[in-house]
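Bear in mind these aren't lab numbers, they're just calculated from the coordinates by the rules spelled out. Since the structure is predicted, the reported quantities are computational estimates derived from the model, not experimental observations. All Cβ positions, even for glycine, are placed from backbone atoms using ideal geometry, and neighbour counts span all protein chains on display.
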Amino acid sequence: MYPSLYYAFKDLFGIDWQFLKMIQTFGFFVAVAFLISAYFWTKELKRKEKEGLLGSTIIKVLKGQRATKAELISSGMIGFFIGYKVLFIILNFSAFTEDTQGFLLSTKGNIFGGLLFAGISAYLKFREKEKTKLEKPIIVEEMMHPYQHVGNMTLIAAFAGLLGAKLFHNLENWDTFIENPMEALLSFSGLTMYGGLILASIVLIYYGRKNKIPTAHLIDSSAPSLMIGYAIGRIGCHMSGDGDWGINNLNPKPHWLNWAPDWVWSFDYHNNVLSEGQPLANCIEERYCNHLVPAVFPTPFYETLMCAFLFIVIWNLRKRIKTPGILFSIYLIFNGLERFFIEKIRVNTLYHVKGFAFTQAELISTLLFFIGIAGIVYFKKQEQKKVLS
């Protein structure tokens, strides 16, 4: 397993680039997932606009205004935060590569670096505004295409998704949260996919309505992106060994799977990023020297395969389904089914209610399945009303 890209490059290519220790494998694949999702989302919004399903909007923009105090202060604050950390990291680079997360989330930094970067950042903002300054600022009207919102929506989804994922994870693991709230809130580990999906969806629907993007077309256009993004994100979970693995698997590999390597059936997640399990023999690293005993089902790998396949299905359905909202409803059904069944062999916290034992993901995936079915019925009725009227 590769906790950071350093270990991947060293193992695969024999390259000893110490700076790669600062790039966590899980975080890298999450970033890739967002970029690829944004690509397919943009592609879909462009297609819908070209087919006349979505239209552009006119926005009013103030041009020629000099930099305001608020702009200079905000630029300075951003610069200060960056400089405060960057110079401290440069002066303590060796220690930083060994504990990247700890350095980033601690309050430690370099005041001089912060002040220097704050001044540079504020000055650059001032110069940028001076270049376009007019004697008298004017308001101009500009055309805004739906796909031009993807950058903003991706950033919103990233922030809201991370917040929701953290919130739902801590609700699911309340005892751990109570023991150390700050670590639970600030650590990069411990993310619940459905929490991110739910909160990000609410915020993005609000953003779409505010910018006059019809909700049904907005959610439909996001369906393929959500599925492929999840598939890629699970690669990061598998490659880093972040704890999203399955239950113990002591069963012999079935005959029909003889063509595949043994780890596809049962995997020990050696050198996992959580350092869980038992110590590895002859491990020369200071950290990440554990593996799981016994080995477990590699559920992130299974989810990557399933969701990549479901992405292909949704991508091929997107032009055939004409009723807005149906494609997203199908995504919810697929998502619910995939997650419900993978939970049967996945490690997770169990809730016990009146004799029933279930996980948070099982509950939410079941709800999403039925919401998807209800969505198909609802959007079909809405379409029939339009035809009749």
Need the full-extension length gain, Asn282 to Leu35, defined as separation in residues times 0.36 nm minus the C-alpha distance. One decimal, nm. 85.1 nm
Return Phe356, Phe34, Phe334 ranked ascending by Cβ neighbour count within 10 Å, so the fewest neighbours appear first. Phe356, Phe34, Phe334
Which residues' amide hydrogens lie under 5 Å from the amide hydrogen of Arg346, considering only partners 5 or more residues apart or on another chain, with H built in the peptide plane? Ile247
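If you take every residue apart from Leu91 with its C-beta less than 12 Å away from the C-beta of Leu91, what net charge results, scoring Lys and Arg +1 and Asp and Glu -1?
+2
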Mind checking the range 45-145 for GluC sites (Glu not before Pro) that DSSP puts in a loop (not H, G, I, E or B) and that have at most 11 other Cβ atoms within 10 Å? Glu51, Glu135
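Tell me which trypsin sites (Lys or Arg not before Pro) from the range 1-83 have a DSSP coil assignment and no more than 14 other beta carbons within 10 Å of their own.
Arg66
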Take the Cβ-Cβ distance between Gln384 and Leu155 as r, set R0 to 45 Å, and report the resulting FRET efficiency rounded to the nearest 0.05. 0.75
Arrange Lys344, Lys210, Lys129 by Cβ neighbour counts within 10 Å, fewest through most, would you? Lys210, Lys344, Lys129
Using a cut-off of under 19 Å, list every residue of the range 5-27 whose amide N is near the label point 7 Å from the Cα of Ile82 along the Cα-to-beta-carbon line. 23
Over 18 Å between alpha carbons, listed pairs Lys322/Lys380; Lys63/Lys133; Lys322/Lys385; Lys48/Lys385; Lys212/Lys385; Lys210/Lys381: Lys48/Lys385; Lys212/Lys385; Lys210/Lys381
Only Cα pairs within less than 10 Å get springs; with that Gaussian network setup on the chain, which residue of Ser94, Ser37, Ser266 has the largest fluctuation? Ser94
Net lengthening on full extension, Gln65/Asn92 (0.36 nm per residue, minus Cα-Cα): 5.6 nm
Cβ crowding within 10 Å averaged over residues, with 239-246, 107-114 ranked highest first: 239-246, 107-114
Average Cα contact separation per residue, the range 63-141, under 8 Å, 6 or more apart, as relative contact order %: 56
Answer label, with Rg and Dmax of the Cα atoms in Å calculated from the coordinates and candidates (1) 20.2, 62; (2) 24.2, 79; (3) 25.7, 82: (2)
Using +1 on the beta carbon of Lys and Arg, -1 on that of Asp and Glu, and nothing else charged, what's the dipole of the chain about the Cα centre, debye to 20? 2260
Along the dipole axis of the chain (charges at Cβ: +1 for Lys and Arg, -1 for Asp and Glu; origin at the Cα centre), the most positive-end residue among Pro3, Tyr84, Ile373 is Ile373
Extension gain from His352 to Trp259, taking 0.36 nm per residue of separation minus the Cα-Cα distance: 29.5 nm
